[in-house]
Amino acid sequence: MTWLETSTENCTVQRTLDLVGERWALLVLRDAMNGVRRFDDFRRHVGLSEAVLADRLRRLVAAGILTTVPYQEPGRRTRHEYRLTDKGWDLWPVMIALKQWGDRWTADAEGPPLEVRHRDCGAPLEAVVHCADGHGPLTPREARARPTAAARPLG
């Protein structure tokens, strides 16, 4: 069976995009990965309406990508911070790859507005593809995609 003969109904890329592929969800995740935790801070920084932000946060929590942690400032009601779960942090390499692509192809002439560097040596981070045996970085020509036993026939 070839790729064009397989159904996309159980495609994991499609399922991932259903969870995090919407622009505002990705920007909320970007901010969470950069230390933003509170609703008002997300709203101010990302520039979303309260309703849209509440919906995106609710979806990301329901998907197990974010979790809520209660906090209370003196004299105020209990509120919740949003923190990335392990599942959410597993999206960090994806965000680094998106940033790397954006830095190359969409940055202003002055360069990107944010850099991410290795804490120990100070070198910029790069997203690279390597195989489970450690070969890499690999190019698309060095990879082969093929349907697995989980692939369903198109039809």
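The values are calculated or read from the model by the stated rules, or taken from the named source; none is laboratory data. Quantities reported herein were computed from a predicted structural model and do not represent experimental measurements. All Cβ positions, even for glycine, are placed from backbone atoms using ideal geometry, and neighbour counts span all protein chains on display.
Here are the numbers for this structure:
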quantity	calculated
Residue among ARG37, ARG43, ARG58, ARG30 that is in contact with a Leu (Cβ under 7 Å, 6 or more places away or on another chain), within 25 Å of LEU98 (Cβ to Cβ) and modelled with pLDDT of 95 or more	ARG43
The listed residue being surrounded by 12 or more Cβ atoms within 10 Å (Cβ to Cβ), touching a residue at least 40 places away in the same chain (Cβ under 8 Å) and either closer than 30 Å to ALA151 by Cα or of a type in the set (A, V, I, L, M, F, W, C) (or both), out of LEU4, LEU84	LEU84
Verdict on TRP101 being within 30 Å of ALA150 (Cβ to Cβ) and at pLDDT 95 or above	yes
Single condition LEU66 does not satisfy, out of (1) surrounded by 15 or more Cβ atoms within 10 Å (Cβ to Cβ); (2) farther than 18 Å from PRO93 by Cβ	(2)
Test: TRP101 is closer than 29 Å to LEU4 by Cα, among the aromatic types (Phe, Trp, Tyr) and surrounded by 10 or more Cβ atoms within 10 Å (Cβ to Cβ)	yes
Scope the range 85-116; condition part of a helix (DSSP H, G or I), of a type in the set (D, E, K, R) and more than 16 Å from LEU17 (Cβ to Cβ); matching residues	ASP86, LYS99, ASP103, ARG104
Test: residue in the range 66-81 that is outside any helix (DSSP H, G or I) and closer than 21 Å to THR16 by Cβ	yes
Residue within the range 141-152 that is closer than 24 Å to ALA32 by Cα, surrounded by fewer than 10 Cβ atoms within 10 Å (Cβ to Cβ) and over 21 Å from the mean Cα position of the chain (by Cα) present	no
In the range 1-37, the residues that are over 18 Å from the mean Cα position of the chain (by Cα) and not aliphatic (A, V, I, L, M)	THR2, TRP3, GLU5, THR6, SER7, THR8, GLU9, ASN10
Total residues in the range 9-33, condition assigned to a loop (DSSP other than H, G, I, E, B) and without any contact (Cβ under 8 Å) to a residue 60 or more places away in the chain	3
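Residues checked against (1) assigned to a loop (DSSP other than H, G, I, E, B); (2) within 26 Å of ASN10 (Cα to Cα):
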site: GLY122; (1), (2): yes, no
site: GLU126; (1), (2): yes, no
site: VAL129; (1), (2): yes, yes
site: ASP133; (1), (2): yes, no
site: LEU138; (1), (2): yes, no
site: ARG141; (1), (2): no, yes
site: ARG146; (1), (2): yes, yes
site: ALA150; (1), (2): yes, yes
site: GLY155; (1), (2): yes, yes
